[in-house]
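In what follows, a single structure is set out as structure tokens and then discussed.
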Amino acid sequence: TVGAIGMDVNGHMVSCTSTGGITGKMAGRVGDTPIPGAGGYCNNEVGTISTTGHGDSIMRYCLASKIMHHLENGNDPNIAAQKACESMSSRVGGSAGAIVISKDGKIGIGFSSPKMAWAFLENRIIHYGIKHGQHLTTDL
Amino acid sequence: GPVIVVHGGAGSIPDSRDQQKFDGMCAAIRAAHYAYETTSSITEACQAAVECMEDDEAFNAGRGSVLNLKGEIEMEALFMEGKDMNAGSVTGVKNIAHPIALARKVMENTPHVLLMGQSANDFAVKSGFEAVPDDYLMTSHAKIALDNFLKSGSQPITTEIGQGSVG
């Protein structure tokens, strides 16, 4: 699965998520990706989110919607993403990750899986990583 | 300036694939930055980022998508914007290079949110999308992953190439 979220200088937000699903899925299986509130969510008044992971768990937990609720309750985007992913894993099993931008432009990255590939751009520097605690940079 | 964040999937990704992911995500960020510089549109920027990763077989989307039990690719995508909370999505689409672009068309050009299967593909044709052959989307890595999945007795669920993984 891949995803991109963004916010422009006027506070307008977008969320995009795209996937090939899971290897060996039944034909016709639908995952979380195309479901608003699960595979992604976007509301200029709160934030924007794209998720990835065990789709069947993400759907049952409405992961993106849960993260949005955490943002609405004033949680930092990093905490919102991490808390929701861990809560999902604890409650319904599976693992997940999410990228988040809050309405004030703060970035959140969280995952309950061993790895999630992420990157963002700040002051012409690309920040990226894949393991917990890993934070690498390179020039734009 | 704008804020743009991307992800390239989660799970038990083997270390040997880390650099491919890094290269692909940095390319996606650069594509998004270029799109924003030339259009001033965050919508175009995010679409450009995802399309860049859909073109990269290091990621499970577009080219490089994994295979279902029938050995087929069925892709899904969601596009959502925050001003009016409009959304468009597709599921079960085949032979499309950029499902995210099709999801955006659903959002912008239909009164619905989610189109599925052959009807989504029919909508793609009407919207001017060119079909791509299975050979373009289907990589050797994805075929090997399905073979390994079938040999393993379908346990556990796998998604990323070559490893028990997700997303």
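Every read-out reported here was derived from the displayed coordinates using simple, explicitly stated rules and does not represent laboratory data. Since the structure is predicted, the reported quantities are computational estimates derived from the model, not experimental observations. Using ideal geometry, Cβ is built from the backbone for each residue, glycine included, and neighbour counts are taken over all protein chains shown.
Here are the numbers for this structure:
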{"item": "Selected residue [buried (at least 21 other Cβ atoms within 10 Å of the Cβ) and more than 7 Å from chain A (Cβ to nearest Cβ)] from B:ALA10, B:ALA27, B:ALA48, B:ALA32", "result": "B:ALA48"}
{"item": "Unique residue being under 25 Å from B:GLY82 (Cα atoms) and surrounded by fewer than 16 Cβ atoms within 10 Å (Cβ to Cβ) when the list is A:GLY133, A:GLY105, A:GLY97", "result": "A:GLY105"}
{"item": "Yes/no for B:LYS70 being free of Cβ contacts under 8 Å to residues at least 40 places away in the same chain, of a type outside the set (A, V, I, L, M, F, W, C) and part of a helix (DSSP H, G or I)", "result": "no"}
{"item": "All positions within the range A:1-19 that are free of Cβ contacts under 8 Å to residues at least 12 places away in the same chain and either facing chain B (nearest Cβ under 7 Å) or in contact with a helix residue (DSSP H, G or I) (Cβ under 8 Å, 6 or more places away or on another chain) (or both)", "result": "A:ASP8, A:VAL9"}
{"item": "Of all residues making up the range A:104-113, the number that are out of contact with any Lys or Arg (no Cβ under 8 Å at 6 or more places or on another chain) and within 24 Å of A:SER90 (Cβ to Cβ)", "result": "5"}
{"item": "Odd one out for B:LYS126 among (1) crowded, with 20+ Cβ neighbours inside 10 Å; (2) away from chain A (no Cβ under 13 Å)", "result": "(1)"}
